[in-house]
Every structure is written in C-alpha cells, then in structure tokens.
Protein chains: 2
Amino acid sequence: MNNLYTEKTLRDFAYNIFIKMGSSEQHAQLASDVLLQSDLRGIDSHGVARLSGYVRLWEAGRINTKPTPKVIHETPSTAVVDGDQGLGLVVAPYAMNIAIEKAKTCGTGWVAVKNSNHFGIAGYHSMMALQHDMIGISMTNASPLVAPTFSTERLLGTNPICVAIPAGVQPPFVADFATTTAANGKLEILQRKNEKAPVGWVQTKEGEPTTNAHGVKEGGSLIPLGSDREHGSHKGFSLGAWVDIFSGVLSGANYGPWVPPFVSFLAPPADPVGEGIGHFVGAMRVDAFRPKEDFFKHMDNWINRFRQAQTIAGQEKVIIPGDPEREQEKIRSKEGILLNEMVVEDLKEIAKKLQVSF
Amino acid sequence: MNNLYTEKTLRDFAYNIFIKMGSSEQHAQLASDVLLQSDLRGIDSHGVARLSGYVRLWEAGRINTKPTPKVIHETPSTAVVDGDQGLGLVVAPYAMNIAIEKAKTCGTGWVAVKNSNHFGIAGYHSMMALQHDMIGISMTNASPLVAPTFSTERLLGTNPICVAIPAGVQPPFVADFATTTAANGKLEILQRKNEKAPVGWVQTKEGEPTTNAHGVKEGGSLIPLGSDREHGSHKGFSLGAWVDIFSGVLSGANYGPWVPPFVSFLAPPADPVGEGIGHFVGAMRVDAFRPKEDFFKHMDNWINRFRQAQTIAGQEKVIIPGDPEREQEKIRSKEGILLNEMVVEDLKEIAKKLQVSF
C-alpha cells in the first residue's frame, strides 16, 4: 500500500516539522508524540493530519513555537497555567504534570489553562496520570461549531472530555469523546466519500435536521450529544457547556463563540474575552480514596463484568471504553499507519515548504 | 385543586415521617428539605413521591435512620465517607460539607461515599457549594436499569451528574441530568398516561428498540444518552460508567449490577462487592483559579451570551441549565405543589401506617 507509513517515519517527520517551526527539541519530541499516539490509536483526525493546520497558524503568527508556559496562580490542589500561546500539544502535558505533582502531595490536582491552542487528543493528557496510579481527566474548549439545543448559532466547540482510570491486570478504562452526537472527524470521513450523515448529527443554518455531511461548512452546526430535545440534546449541550466553562471561564481563556478558530483562514474574534483557547486537566491519586490493591481488584472486576455482558443478537461484544483504541494501537504499531490521500498531499506540501524530507 | 399542597404542609409531613422512622430532628429536617427542594424545582419523581419507598426500605431493615456517617480515609483534598447505611438524603450533604471544608484550605475537595442509599436530586448537593462561591459537583450510582451499548443486560443505573457553577448577577448554572436518554421519571409519566415512549428511550429484553413505556418492567432496559451507537450511545454509556466507577469503585460501595435496588420488593444481590450505594461529590473554590470578581463577570457574560442566542423558528429561547427548575421553584413556592393522585394515595397510606396526620 502506497500511503502506509511506519510510526517512526511519521514521528521523525512531525519532529522535523516542529523543529523547523522553531520548537525546542524537547517540545518537538513531545508534540510529535501526541500526534503519533493519535494516529496509532486510530484517531486519524487528530494525528499528523493536523500538522499542516499547525504550520499555517504558526505562519499567521497565531502559535508561539517557543513558549514558556507558567503557573500564574495556585493553591495546594489547583493551578492556572498561562500557555504563552504555545501549541496545546506541549502546554497541556505541562499542565497535566503540575496536576500530577499536586495530587502526589494533596490527593488531587486540578489545572486550568489559558492562552493555549489545539491540544490534540484529550486521551494523551489524561493517560499521563495512569503510570502514577492516578485517574486522569482532561477537557478542552474548541472552535465554535456546535449549536445549543433550540439555537441556530454555533456557540460551542465539540468540547471533548477524557477520563482515564487505571486497573490492575485489566487495561485501563479510557473514555475519550466529543460532547456532540458525532465528532467532526467522523463527518470529514463522510465528506470525503460524498456520503450522507445520519439525521441528528448536523443541522442547517436555519436549525433544520439535515443529512448533508457538508452542512456545517454551509452555515449549519453540529448537534450536541442526544441529537434532539426529545432524546436529550439538552444534556449534550450541558456537557459541552460544562467543558467550556471549566476550560475557558475558570482559566481566563476565551469561551463560547469567542474561542479562536483552529483554521488560519478564519480570523480570531476581534473582541476576545480572554486569551487563546482553554483546557482543564486533573489527576486524582487512587490511594487518596482507598488502598491501591482494593481499587485495582474492583476495577478489574468492573471491567470483567461489563466485558462479559450478554450481547444483543448480532453484536459481538460490549465495548469497554479504551478497547478499540488499544486494539488499533497494537495493529498500527506493527503494520504501520495508513494515511488518507489528501493528508499525504498536505504533508508533502509542508515538507516542501519547510524543506523537510518526506 | 384537590391535590395542591403548600410547601409547608408537605415539608412538615415529610419531617414527621422521618421522625417516626427514628431520624434525629436535624436529619429529619435535612432529609425533608432535600425532598421539598425537588418538589419545588419540578422534579416530581424525586420529592415526597419517594417517601413511601424510603419507608418500605426502612421497614425491610435496609435503611439505618440513626446513622453516624464518618470519614474513614482522607488526604488534604480527598475523603471517603462511610454512610453507615443512612439515607443518602443526609449522607450526601454530610459528604458535601467535608468537600467544602477541604476546598476552603486546599482549593478543592473531593469525597467518595459508600454504604449510602438513594440521595434524592443530585442538584441539592452540588448547589450547597454555591453559597461558598464554589463550583459543586455531585453524582451517584443507582439501581441497575440501563444496558450498555450492544448489551441486553441492565448493568448501570440512570447515574446522574450535577455541576453547579455560581455567577455574579446572573443565577447559577445548574446542569443536573441522568446519563440516560430519558430519566426514569419521564417514563413514569408516560406509563401513567398510558402513552408510548419515543424510540431511543427503552429497549426490549432482547435489546430491540421499543416504544413500550412499560418496557423496563417487562425485562427491557433504559438506553444510555445517545439512543443508539450511531447517535453516540457509547458516549452515554461512558458517562454512566464514569459515574459508577467514581461512586462505587473509588469509595468501596457496590457498583454495576451489584448496586442494591431502590425498591423493597427486590432483594439486594446476594454477593455484594461493596457496601450500599455510592456517591461522589466535589467542591472547587472559584478563587482557587482566578479572582472571584473576574470569574463572576465572565460567567455572567457566558450566561448572557447563550441566553440571547438566536433561536430556531418556533422556539422561544435557548435554555440555560438550571433555568427551568428555578422558574418552577418561583411558581410552586407561591402557588403550591400539585401531587399526582397515586402519590397522594401513597402518602395517605404511610400517614396511616406511621400515625402522622396528612
């Protein structure tokens, strides 16, 4: 297969691109690791496919590739980080490390981040907690594409949440999801295939249900998890709002319709209410609640019981959050990562522009 | 109207019932306040309608009405509370007060609770944080009625989450919701009217979609928020699982299918994996992140902007989480609380049984 790449090839390429953009070696290594983890875990929309977008934002002066993130306020269990307009890919791990350190002494640590940018997959950051026998939580606000229930306006991002929970002999529970019915990446797949979207994913600019996978580009919106009021879209809206407030209002970042777009061809709002985009991350030591061994034993039991749940006829198994991504990771780290043709073209273009071999 | 009662009448009645059950004056006052707040806020399923169920569980020896909840483990920002088999209505506020105290010194406080019972509306507990200029979070696991995506088994409760966020001149943001497509209370309304449920709320015992509002009683299940896989029910399942693990596995309570039923006619599982049901509550001081005035100013701006969002033709307004309940509270505290005929019969029965006037 032509567009099949090894992890190492893509990792080295991403690293070299970040270096050309001015990142330190340490930052380039970290940022490329976040992207590659995404590609390995099967979340194609958040891996190297994002690189060209980061390059364009950097060219537009909207990403600082030599940031010095710092803590601007703290208490024993909390901190606020100013990301210095850096890549979220490096700012969010910086914040998560602070949360982990605070959890070591205090039981839990919670860090709100402002003045950051797109942070890749939420899962990367919460999963950092796992090796410390901690639960990790991460969330971020994002460019407004989602209309609240009953509205025609795009006021929220797809605002993902990830909760990563360690287990004993079982692999960890990792739930990482956009608070919309469908993530934007799933729509992009349909767009490329020129296929229709299920009703409940997208609405037109008048707020009517549509199966047009290009609906958002034509002035419509993504719909909060739940699809419509009768099926609980007000709950999906509540979730997305929660993420926005924790990430934006608590940190001093922008929020709601003021969150700057991730694409360079759209200008950031002229009247910002904060700085950059915002994240919120947390770490909770498992043994701040009960002895580690007890927690792991019961977490294993929880996972086992749910994994063995009786299935509906025709369904193979109940999926434990984190299982599909881990299975992908096993396959892709061996067999390589298959990139979409458009992504390959994109990477070739930035390779040429920044004189990096690809 | 015959079944219209003043707040005071119902509050006094509930108080007297709890006293007859053996609660202390302080506990009876608190427990009746939790129920009345629910009735005032329009959540009929969690108010005095629950009283007879509590009485029956107490008669069955499954609720200790003279509990001494206590902290059995703690760190500066965390604690685990053993609820001593008490009413969740008094155990959860006890835990929330500890979370608030910890947040005062530490920035945030997080308390997992085991050996408790049904805690009423989640909103009551998180809203306790508001008067301290803190964000409140509460969640609980519950009797298993919900099937994971792709499963026919009832392994989770409706596992609600509430996040309450204070604002300045605006009323607080209070998102309080079951992690299913529809709360059980909504189904009960349809059952009484003998009406059909929308597809996506309930599945049959074989896991097929059904509009039968009595489907759960006939061996079927409630469906996680999202309704089906294509519309993100795996996300609703992830949310419900998150609540279950934080409430049950972290605390040492039961979890998943081992959570004891809320009804006395169903026996608790013979092989418990923990003690009672579990809750998880948290409090975060707003000024542990940024100056209070800044937070309130931006929270007001957030709420204003979303409240003024352009609506879809035919829709009156975008609903800010917490608005409908507050509007109900205004009306009902003036005009009284209208009880369903079956609830009135129920209350009369326990009035007679416990010799309390009604």
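Could you count how many residues in the range A:13-50 are among the hydroxyl-bearing types (Ser, Thr, Tyr) and surrounded by 21 or more Cβ atoms within 10 Å (Cβ to Cβ)?
4
Quick one: would you say A:Lys235 is more than 12 Å from every other protein chain (Cβ to nearest Cβ) and basic (Lys, Arg)?
So A:Lys235 does not fit the description; no.
Condition (residue is in contact with a Ser or Thr (Cβ under 7 Å, 6 or more places away or on another chain), assigned to a helix (DSSP H, G or I) and not small (Gly, Ala, Ser)) applied to the range B:71-78: is it met by at least one residue?
So far as the range B:71-78 goes, no, none of its residues is in contact with a Ser or Thr (Cβ under 7 Å, 6 or more places away or on another chain), assigned to a helix (DSSP H, G or I) and not small (Gly, Ala, Ser).
For the structure I just gave you, tell me whether B:Ala241 is touching a Pro at 6+ places or on another chain (Cβ under 9 Å), surrounded by fewer than 24 Cβ atoms within 10 Å (Cβ to Cβ) and either in the same structural domain as B:Ala112 (by TED's automatic domain parsing) or at pLDDT 95 or above (or both).
no
Of A:Ala103, A:Ala92, which residue is within 11 Å of chain B (Cβ to nearest Cβ), on the phi < 0 side of the Ramachandran plot and surrounded by 23 or more Cβ atoms within 10 Å (Cβ to Cβ)?
Exactly one residue qualifies, and that residue is A:Ala103.
Restricting to the range B:255-300, count the residues that are more than 10 Å from chain A (Cβ to nearest Cβ) and either part of a loop (DSSP other than H, G, I, E, B) or at pLDDT below 95 (or both).
Of the residues in that region, 16 qualify.
Looking only at residues that are part of a helix (DSSP H, G or I) and touching a Phe, Trp or Tyr at 6+ places or on another chain (Cβ under 9 Å) in the range A:1-15, which one is farthest from A:Val263 (Cα to Cα)?
A:Thr9
Out of curiosity, is B:Gly314 part of a loop (DSSP other than H, G, I, E, B) and in the same structural domain as B:Thr78 (by TED's automatic domain parsing)?
Spelling it out, it is not the case that B:Gly314 is part of a loop (DSSP other than H, G, I, E, B) and in the same structural domain as B:Thr78 (by TED's automatic domain parsing).
Do you know which of the residues in the range A:224-260 that are under 18 Å from the mean Cα position of the chain (by Cα) and aliphatic (A, V, I, L, M) is farthest from B:Met299 (Cα to Cα)?
Filtering first and then ranking leaves A:Leu225.
Rundown of residues vs (1) among the aromatic types (Phe, Trp, Tyr); (2) surrounded by fewer than 22 Cβ atoms within 10 Å (Cβ to Cβ), yes/no style:
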site	(1), (2)
B:Pro269	no, yes
B:Glu275	no, yes
B:Met284	no, no
B:Phe296	yes, yes
B:Ser333	no, yes
B:Val343	no, yes
B:Lys352	no, yes
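How many residues are farther than 30 Å from A:Glu293 by Cα and either more than 13 Å from chain B (Cβ to nearest Cβ) or among the β-branched types (Val, Ile, Thr) (or both) if we restrict to the range A:164-186?
5
Being touching a Ser or Thr at 6+ places or on another chain (Cβ under 6 Å) and more than 29 Å from A:Glu275 (Cβ to Cβ), is that true of even one residue in the range A:151-174?
Checking the range A:151-174: not a single residue is touching a Ser or Thr at 6+ places or on another chain (Cβ under 6 Å) and more than 29 Å from A:Glu275 (Cβ to Cβ).
Of all residues in the range A:1-32, count the ones that are charged (D, E, K, R) and free of Cβ contacts under 8 Å to residues at least 60 places away in the same chain.
4
From B:Ser38, B:Ser45, grab the single residue that is assigned to a helix (DSSP H, G or I), at pLDDT below 95, under 14 Å from the mean Cα position of the chain (by Cα) and not assigned by TED's automatic domain parsing to the domain that holds B:Cys106.
Unique residue meeting the criteria: B:Ser45.
For the range B:154-163: of the residues being in contact with a Pro (Cβ under 9 Å, 6 or more places away or on another chain), in a loop (DSSP other than H, G, I, E, B) and within 11 Å of chain A (Cβ to nearest Cβ), which is farthest from A:Trp242 (Cα to Cα)?
In this case the residue turns out to be B:Arg154.
Search the range A:118-147 for residues being in a helix (DSSP H, G or I) and in contact with an Asp or Glu (Cβ under 7 Å, 6 or more places away or on another chain), and hand back the single one that is farthest from A:Gly53 (Cα to Cα).
Selected residue: A:Gly123.
Can you name the residue in the range B:301-311 that is outside any loop (DSSP other than H, G, I, E, B) and of a type outside the set (Phe, Trp, Tyr) and, of all such residues, is nearest to A:Phe150 (Cα to Cα)?
If we take residues in the range B:301-311 being outside any loop (DSSP other than H, G, I, E, B) and of a type outside the set (Phe, Trp, Tyr), then B:Thr311 is nearest to A:Phe150 (Cα to Cα).
Only one of B:Gly200, B:Gly185 is part of a helix (DSSP H, G or I) and in contact with a helix residue (DSSP H, G or I) (Cβ under 6 Å, 6 or more places away or on another chain). Can you tell me which?
Going through B:Gly200, B:Gly185 in turn, the sole match is B:Gly185.
Which of the residues that make up the range B:152-162 are buried (at least 24 other Cβ atoms within 10 Å of the Cβ) and more than 12 Å from the chain's Cα centre (by Cα)?
B:Leu155, B:Leu156
I'd like to check something: does the range B:302-325 contain any residue that is at the interface with chain A (Cβ under 10 Å from one of its Cβ atoms), farther than 30 Å from B:Ala49 by Cα and in contact with an Asp or Glu (Cβ under 6 Å, 6 or more places away or on another chain)?
yes
Could you list, in sequence order, the residues of the range A:106-128 that are closer than 26 Å to A:Pro324 by Cα and either among the aliphatic types (A, V, I, L, M) or within 11 Å of chain B (Cβ to nearest Cβ) (or both)?
A:Ile121, A:Ala122, A:Met127, A:Met128
Which residues, taken from the range B:321-341, are in contact (Cβ under 8 Å) with a residue 60 or more places away in the chain and among the basic types (Lys, Arg)?
Selection gives B:Arg326, B:Arg332.
In the range A:197-213, which residues are within 24 Å of the chain's Cα centre (by Cα) and small (Gly, Ala, Ser)?
A:Ala197, A:Gly200, A:Ala213
Is it true that A:Asn115 is assigned to a loop (DSSP other than H, G, I, E, B) and surrounded by 23 or more Cβ atoms within 10 Å (Cβ to Cβ)?
So A:Asn115 does not fit the description; no.
Considering the range B:317-358 alone, what residues qualify as being over 30 Å from A:Gly256 (Cβ atoms) and outside any helix (DSSP H, G or I)?
Correct list: B:Gly336, B:Ile337, B:Leu338, B:Leu339, B:Asn340, B:Gln355, B:Val356, B:Ser357, B:Phe358.
The values are calculated or read from the model by the stated rules, or taken from the named source; none is laboratory data. Quick caveat: nothing in here was measured; it's all calculated off a predicted structure. Positions of Cβ are generated from backbone atoms using ideal geometry, with glycine treated the same way; all protein chains shown enter the neighbour counts.
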